[in-house]
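Below is one structure, written out as structure tokens; comments come after it.
The values are calculated or read from the model by the stated rules, or taken from the named source; none is laboratory data. Because the structure is a prediction, the values reported are computed rather than measured. So basically every Cβ, Gly included, is an ideal-geometry build from the backbone, and we count neighbours across all protein chains shown.
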Amino acid sequence: MNRCRLVPALVVAAALAAGCTSSARSAVSATGSADITTTTQSAQATDAPATDAPATDLPAGAYVSVITDGEVDNPQFDQFENDITRLLDQAGLPGGSLLVVQHGELVEQEAWLEYDLGTVVPIASGSKWLTAATIMTLVDDGVIALDSPISTYVPQTAGARVGAITMRQLLSFTSGLTSDEMVPCADDPAVTLQDCAAEMLRMGVVHAPGEVFRYGGQHLFVAAAIAEVVTGESFAQMFHDRIAAPLRMDHTAFLQVQTREYDPALVDHPSPAGSAVSTLGDYGRFLEMIYHRGVAPDGTRLLSDEAITEMQTNQIEDADYGAAAAFRVATEAPYGLGEWIDWTDAQGAATVLSSDGAFGFRPWIDYENDLFGVYLIDDRGEGYVEGDPFAPAADGGKVHTSGLWIFEWVAEALGGSLPEQQYPFRRR
């Protein structure tokens, strides 16, 4: 695909303010239009490790991916498995799975009940981490600056309050834009991402950019639309070429809202904040790249070390705390660029990072215990609620199938722990 192809402009057809700068990465074409639409559908586990050459033969900067196709049944996780499968049964869910890499070794990779290692699920807000990473590749390429006003890229917004919004504010959810729940086009497959982002900008801001943190998808709709403007390609294709293809995330994609179209060449209205699907191993490969400070197994640098640092730094320290899940508001959980900062050290540096989805999907990196993991379920009955998994009756009988306690249970299974925090949902 020609990256200089013009897409519909964000507000009106405009010359690309930043020009059409060539990427340092090789563009990879879309590979078919496989249908990934249901929770129970399974991708065939036939992918080889991203790098399978002996370590001594690797080029400089490369490493052997530890994410393989084989099951790793670690007896240290037997209690975890028993507890989780009990909760899944109580909730009437078909299955779940878990991947854990610690000290650079795949120490757990299992699927339970009806799931297998190739099960594809909607990851909801797990999409946000992928979107932020994709846009940060453009920051690394110099076609977007984190702290330049968006009027730099969409001149028609100059002089308006929305024109002063920066990409940093969009990725940290402090832009001030109206909630996407108030914008009907956010779920309308008949309009494009460009058209919907334009509508969000026309609605203006509800507070000055940078003043208030309000978790929501509206920020990423506009951020991804700007990314389309400066590159001339669709966001779904952009994610495929810059993140998914280099990492061999063959079953991960941003789908068209509502219609669930998969082929990135045909998707012109994904939800950058919530319409991606993925598998256990695919998202594990993404986390492996983040863990290796932006480097893919073949040694290709997808994100700079500086970009990783920005993403993992609290960006909302000076903002008022507005909208988020109740437990996040109660604890005023820090937020980076497209990811939550769940635990910090004494100096305030991130030690646990995550991007949980509304259906229970939870990817995380735990520097405290030198591990990263993916917990994969699809709880769309009533949606999971962050709560004590041993006391569902306390919440009207709801079964809590996912939560921050997943991170604690995994650390404890491996003989580690996470520091006592304000989060009360610990194993008893």
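Here is a yes/no grid of residues against (1) closer than 21 Å to Ser278 by Cα; (2) modelled with pLDDT of 95 or more; (3) not in a helix (DSSP H, G or I):
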residue	(1), (2), (3)
Leu170	no, yes, no
Ser175	no, yes, yes
Ala197	no, yes, no
Pro209	no, yes, yes
Ala225	no, yes, no
Val230	no, yes, no
Asp241	yes, yes, no
Arg248	yes, yes, yes
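When the range 104-136 is limited to residues that are touching a residue at least 40 places away in the same chain (Cβ under 8 Å) and of a type in the set (Phe, Trp, Tyr), the one that is farthest from Asp356 (Cα to Cα) turns out to be Tyr115.
Checking the stated criteria, Asp180 turns out to be closer than 28 Å to Asp356 by Cβ and of a type in the set (Asp, Glu).
Taken over the range 293-305, the residue count meeting the criterion of being assigned to a strand (DSSP E or B) and surrounded by fewer than 18 Cβ atoms within 10 Å (Cβ to Cβ) is 0. Checking each residue in the range 307-317 for being out of contact with any Lys or Arg (no Cβ under 7 Å at 6 or more places or on another chain) and in contact (Cβ under 8 Å) with a residue 12 or more places away in the chain picks out Ala307, Glu310, Met311, Gln312, Thr313, Asn314, Ile316, Glu317.
When you go through (1) at pLDDT below 90; (2) buried (at least 23 other Cβ atoms within 10 Å of the Cβ) one by one for Phe361, which number turns out not to apply? Unmet condition: (1). Of all residues in the range 344-364, those that are farther than 20 Å from Ser402 by Cβ and in a strand (DSSP E or B) total 3. Within the option set Ile308, Ile341, Ile290, Ile316, being under 26 Å from Gly176 (Cα atoms), in contact with a strand residue (DSSP E or B) (Cβ under 9 Å, 6 or more places away or on another chain), at pLDDT 95 or above and outside any loop (DSSP other than H, G, I, E, B) holds for one residue only, Ile341. Across the range 177-195, the qualifying residues are those that are assigned to a loop (DSSP other than H, G, I, E, B) and not polar (S, T, N, Q), and the one among them that is surrounded by the fewest Cβ atoms within 10 Å (Cβ to Cβ) is Ala190. Out of everything in the range 250-287 that is touching a strand residue (DSSP E or B) at 6+ places or on another chain (Cβ under 6 Å) and outside any loop (DSSP other than H, G, I, E, B), what residue ends up being surrounded by the fewest Cβ atoms within 10 Å (Cβ to Cβ)? Looking at the filtered set, the residue picked out is Leu287. Restricting the range 152-166 to residues that are touching a helix residue (DSSP H, G or I) at 6+ places or on another chain (Cβ under 6 Å) and not small (Gly, Ala, Ser), the residue that is nearest to Gly204 (Cα to Cα) is Val162. Of all residues assigned to the range 115-125, at least one qualifies as being part of a helix (DSSP H, G or I) and at pLDDT 95 or above. Within the range 322-337, no residue that is over 20 Å from Pro209 (Cα atoms) sits with its Cβ atom under 8 Å from a residue that is assigned to a helix (DSSP H, G or I) and not aliphatic (A, V, I, L, M) at 6+ positions apart or across chains. If Ile84 satisfies every condition in (1) touching a helix residue (DSSP H, G or I) at 6+ places or on another chain (Cβ under 9 Å); (2) assigned to a loop (DSSP other than H, G, I, E, B); (3) at pLDDT 95 or above but one, which is the exception? Result: Ile84 passes all but (2).
Conditions tested, residue by residue: (1) out of contact with any strand residue (DSSP E or B) (no Cβ under 6 Å at 6 or more places or on another chain); (2) of a type in the set (Asp, Glu).
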| residue | (1), (2) |
| --- | --- |
| Ala190 | yes, no |
| Asp195 | yes, yes |
| Phe213 | no, no |
| Gly217 | yes, no |
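Here Phe286 fits the description: at negative phi and under 18 Å from the mean Cα position of the chain (by Cα).
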